[in-house]
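The structure appears right after this line, and notes come after that.
Rule-based calculations on the coordinates, nothing more; no lab input. This one's a predicted model, so the numbers in the text were calculated from it and none came from an experiment. Note that we place each Cβ from the backbone using ideal geometry, even for glycine, and neighbour counts take in every protein chain shown.
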Ligand code: PLP
């Protein structure tokens, strides 16, 4: 009951419907919601077809799989995503799931209700809302921010990287970080991540690191995993997803890394292994991602799969470049879109996020996502997604150029 009404996307839909009713001939292009548009890579389709045939044959049929996921996928993940970056992981540290949304949302269940969480502002709303639902926060204020949550503003002044909380802020137990960031498109260097890892070690806090967009990193100096930073295994859980990496938003497969070294502390200072807590939670409440989606996910790591998924990501990143270039040419302040599929633009002339949203809808028939919907520090920004079809992106940008 404390939760603020889900305002952002319903309100966007309402405004689109109302504009569409008055302008039935308008062809609205959405650069709003972050869903993918390209079909699955052929190697993934083939692997899933084979998995379906397995399920229909007496010899290869599979019922419940291991709750943590099939070894064929866990091994491929460890080898390709982690060993290739000099990170060793044990199979028991990888938990396959049906989405990073569920994992980032469910993880808070294994921590005490008295834990204090810190989030960035703007933020992916799942981190906040799941803590509100669990009863870990107080009421929301008029800005929509809840008491007992620490908000870390991310603005152009700090390059959209949250500053380490000052000691005056008090105790912090759980820190949510997301890089490459949704919605700002910001990325964190190794040095920035090291600062956070050291902070967490110092405070005995845990970092929940959402790397759902790691596949969009183009700069070779930017870490793909927080475990590239020394000591991170002692303090960080990492979330990954095949949703954007391989177009799995409708298939559903993701994974979470909970290192065995990671310890949490009880109120009386006793160390507890987080890996066994998450294992217990998953075994109790989750029966595994489907064999078919895991077979599809494993194909992401084959030679063909890698090549084909890369081509699709390149399509999205070419969209991002088109958006960035035009907006920059038009004189806008534009952020993100280089190592992330989101472009975070400053609204012109001090317009509010919603006023600029309306302007683009009415003058260009293009839909973005108002930055204020992700938190008060998002006011005065609009998020554009690079996941639309390339022709739509080009047309949207031409229309924006002509509407200004
Ligand atoms: N984390 C972030 C930051 C996201 O933006 C999204 C999806 O938009 C997710 C997690 C959810 O991913 P999944 O489709 O694996 O549930």
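When the inverse distances between all different Cα atoms of the range 71-299 are averaged and flipped, the Kirkwood radius reads 18.0 angstrom. At full extension, residue 201 and residue 7 could sit 66.2 nm farther apart than now, given 0.36 nm per residue minus the alpha carbon distance. Computed on the chain, with alpha-carbon pairs under 8 angstrom and 6+ residues apart, the relative contact order is 23 percent.
Expressed in Å, the radius of gyration and Dmax of the Cα atoms of the chain are 21.4, 66. Dividing the alpha-carbon radius of gyration of the range 34-148 by the rule-of-thumb value 2.2 N^0.38 Å gives 1.47. With the highest mean first, a sort of the peptides 7-15, 25-33, 370-378 on other beta-carbon atoms found within 10 angstrom per residue produces 370-378, 25-33, 7-15.
Taking max minus min of the alpha-carbon positions on each principal axis, the range 1-101 gives extents of 58, 37, 33 Å, largest first.
The residue 265 and residue 71 beta-carbon pair, evaluated with R₀ = 30 Å, returns a calculated FRET efficiency of approximately 0.40. Ratio to report: Rg/Rh of the range 283-347, with Cα atoms as the point set and Rh obtained by the Kirkwood method; give two decimals. Answer for the range 283-347: 1.23.
Derived value for the range 148-227: Kirkwood hydrodynamic radius 13.3 Å. Basis is the mean of 1/r over every pair of different alpha-carbon atoms. Springs join every pair of Cα atoms under 10 Å in this Gaussian network model of the chain, and among 184, 266, 328 the largest mean-square fluctuation is at 266. Based on every Cα atom in the range 249-404, Rg and the maximum pairwise Cα distance Dmax equal 21.4, 63 Å.
Averaged over residues, the count of other Cβ atoms within 10 Å places the peptides 331-339, 115-123 in the sequence 115-123, 331-339, highest first.
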